[in-house]
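Peer 1: So that we are looking at the same thing, I have put the structure below in structure tokens.
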Amino acid sequence: MTSDLFGDAEPQAKTLSVDDASKPLADRLRPRALDQVVGQSHLLGEGGAISRLVERGFLPSLILWGPPGVGKTTIARLLAEAAGYEFQQISAVFSGVADLKKAFEQAQVRHRMGHRTVLFVDEIHRFNRAQQDSFLPYVEAGVVTLIGATTENPSFELNGALLSRCQVFVLKRLDEAAQDEIIARAEGHIGHKLPLTDEAYETLKLLSDGDGRYLLSLIESLDHMGFTEALRPDELLAQLQKRRPNHDKDREGHYNLISALHKSVRGSDPDAALYWLARMLNGGDDPLFIARRLIRMASEDIGNADPMSLLMCHAARDTYEVLGSPEGELALAQAVVHMASAPKSNAVYTAFKKATMLAKETGHLDPPAVILNAPTRLMKEIGYGKGYIYDPDDPDGFSGQNYFPDGMKRPVIYDPAGSGHEGKVRQRLDYWADLRQKKQKARGEG
């Protein structure tokens, strides 16, 4: 049995049949052995996790997680062949309860006859929870060895019970070396070099975005255009359809990109931050979602080191609401560059988390009586507000009174590091801390 690196076509003989030339190039170049699969040496190379399973003749249920066009279906087919299992495939996109029931029944028949079955489920994350649960008894009984393929994070998309019965292997997007190997195989098959300059070859690989199936589709389209002169990158781009950015607004790719933007701003890299901003906008993300996240960054990572950042982010959001796309997107870019270039401090962020925890631990304690209002005679008689010092009346404009609950040891919660504007704040806090100690000592408070 042979297999397809990039899809789920039926097995074919090792020699081309009469109508093989009519099949897509990706179908004609599918690997026939695991060592022909490119780009996944961490799993299939010497010492790789999947190689070790094959060497020992053991095939557990597993999940293949990776982007499109990197060989998930191929590996599943070839694993079944190497282990001597029957290979049965269904797609969660096109299958329902009846299809699952039929697949399980067929596997049970084989099981009774002493034959083992690999049930390969493409896009397994598209099955709902109940459908995923239906696999459990058949996997546990050994009726099927499940191999699921998914482009989505299994931790979020698959049942915990199903995940606990499967090993998860992560497939990588095809790197430049793997793409070079695919191009070489394609050129060997069609019998000539592609009509591209060296720079255009690089552009071709960038267009494929690490998807081998899509790369072969581009090569096949280019080959049928009949060019005799080598194309430059701009000429290649004019001929081939650009691929939609690999970014689903409601899935993991969306959160990976916003995380990349956030960390680039935090890491003071305006170039990278602008790149990830552009990636998100090109991928169709809601600019107002990005604006809201920028506001969060301004408070979390910059804080009082540069208070202007928070104001700029609000202004950028307001500007986008007025102008819309594409004009309003420039305001987002301005805010991103400002924040990435600004001094950083998470002192407020850290302080608020510490204050929240302390508040939970000491929430039963009352404020000190000295700072409580006393609107009634009774409240005055029991000491509310007694001894309170109105700070503006103090010669230093600072009374140094205790504002924490009586008997509670004074904690240090806000501790600015002294970057940017917070450098001046640090100086004031240190001055006040020294003055507080002196005044409290003079009043005999500790």
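The values are calculated or read from the model by the stated rules, or taken from the named source; none is laboratory data. Computed from a predicted structure; not experimentally measured. Positions of Cβ are backbone-derived with ideal geometry, glycine not excepted, and every protein chain shown enters the neighbour counts. Note: accessible area is taken over every heavy atom of the protein model, side chains too, but ligands, DNA and RNA are not part of it. Shrake-Rupley method; radii C 1.70, N 1.55, O 1.52, S 1.80 Å.
Peer 1: Check whether at least one residue in the range 217-230 is in contact with a helix residue (DSSP H, G or I) (Cβ under 9 Å, 6 or more places away or on another chain), closer than 20 Å to Thr73 by Cα and open to solvent by less than 70 Å² (accessible area, probe 1.4 Å), and report yes or no.
Peer 2: Checking the range 217-230: at least one residue is in contact with a helix residue (DSSP H, G or I) (Cβ under 9 Å, 6 or more places away or on another chain), closer than 20 Å to Thr73 by Cα and open to solvent by less than 70 Å² (accessible area, probe 1.4 Å).
Peer 1: Can Pro375 be described as of a type outside the set (Lys, Arg), without any contact (Cβ under 8 Å) to a residue 60 or more places away in the chain and open to solvent by 40 Å² or more (accessible area, probe 1.4 Å)?
Peer 2: Here the answer is yes, as Pro375 does meet what is asked.
Peer 1: Can you list residue pairs whose Cβ atoms sit under 8 Å apart, with the first residue in the range 426-446 being aliphatic (A, V, I, L, M) and the second being outside any helix (DSSP H, G or I)? Count only pairs 6 or more apart in sequence or on different chains.
Peer 2: Every condition considered, the pairs that remain are Leu429/Tyr414; Leu429/Pro416; Leu435/Asp396; Leu435/Phe398; Leu435/Gly400.
Peer 1: Among the listed residues Ala107, Ala80, identify the single one that is closer than 24 Å to Gln167 by Cβ and in contact with a Ser or Thr (Cβ under 6 Å, 6 or more places away or on another chain).
Peer 2: Among Ala107, Ala80, only Ala107 is closer than 24 Å to Gln167 by Cβ and in contact with a Ser or Thr (Cβ under 6 Å, 6 or more places away or on another chain).
Peer 1: Quick check: anything in the range 49-58 in contact with a Ser or Thr (Cβ under 7 Å, 6 or more places away or on another chain) and basic (Lys, Arg)? Can you show your working first?
Peer 2: To start, the set of residues in the range 49-58 that are in contact with a Ser or Thr (Cβ under 7 Å, 6 or more places away or on another chain) comprises none.
No: zero hits.
Peer 1: Which residue pairs have Cβ atoms closer than 7 Å, lie 6 or more positions apart in sequence or on different chains, and pair a first residue in the range 295-311 that is without any contact (Cβ under 8 Å) to a residue 24 or more places away in the chain and closer than 18 Å to Asp415 by Cβ with a second residue that is open to solvent by 10 Å² or more (accessible area, probe 1.4 Å) and not hydroxyl-bearing (Ser, Thr, Tyr)?
Peer 2: none
Peer 1: Another question, if that's okay. Please go through (1) in contact with a helix residue (DSSP H, G or I) (Cβ under 6 Å, 6 or more places away or on another chain); (2) not in a loop (DSSP other than H, G, I, E, B) for Leu435 and return the number of the only condition it doesn't satisfy.
Peer 2: So Leu435 meets the others, but not (1).
Peer 1: Does Asp211 satisfy the criteria of being out of contact with any Gly (no Cβ under 8 Å at 6 or more places or on another chain), among the acidic types (Asp, Glu) and modelled with pLDDT under 95?
Peer 2: The answer is no for Asp211.
Peer 1: Please list, ordered by residue number, the helices (runs of 4 or more DSSP H) wholly in the range 192-245 having 2 or more residues that are hydroxyl-bearing (Ser, Thr, Tyr).
Peer 2: Hits in the range 192-245: 198-208, 212-224.
Peer 1: Does Leu358 satisfy the condition of being within 26 Å of the chain's Cα centre (by Cα), among the aliphatic types (A, V, I, L, M), surrounded by 12 or more Cβ atoms within 10 Å (Cβ to Cβ) and assigned to a helix (DSSP H, G or I)?
Peer 2: So Leu358 fails the test.
Peer 1: Continuing with this model, one more query. When the residues of the range 156-187 are narrowed to those that are of a type in the set (Asp, Glu) and part of a helix (DSSP H, G or I), which ends up least open to solvent (accessible area, probe 1.4 Å)?
Peer 2: Filtering the range 156-187 for residues that are of a type in the set (Asp, Glu) and part of a helix (DSSP H, G or I), the one least open to solvent (accessible area, probe 1.4 Å) comes out as Glu187.
Peer 1: Out of Leu25, Leu34, Leu53, I need the residue that is at pLDDT 85 or above and open to solvent by less than 20 Å² (accessible area, probe 1.4 Å). Which one? Reasoning before the result, please.
Peer 2: On the way: Leu34 fails: open to solvent by less than 20 Å² (accessible area, probe 1.4 Å); Leu53 fails: open to solvent by less than 20 Å² (accessible area, probe 1.4 Å).
When all the criteria are applied, what remains is Leu25.
Peer 1: Touching a helix residue (DSSP H, G or I) at 6+ places or on another chain (Cβ under 8 Å), more than 24 Å from Asn304 (Cβ to Cβ), in contact (Cβ under 8 Å) with a residue 12 or more places away in the chain and of a type in the set (Gly, Ala, Ser) - does that describe any residue in the range 414-422?
Peer 2: No, that holds for no residue.
Peer 1: Additional query: Strands (runs of 3 or more DSSP E) wholly in the range 59-155 with at least 3 residues that are open to solvent by less than 10 Å² (accessible area, probe 1.4 Å) and of a type in the set (Val, Ile, Thr) - which ones?
Peer 2: 117-122
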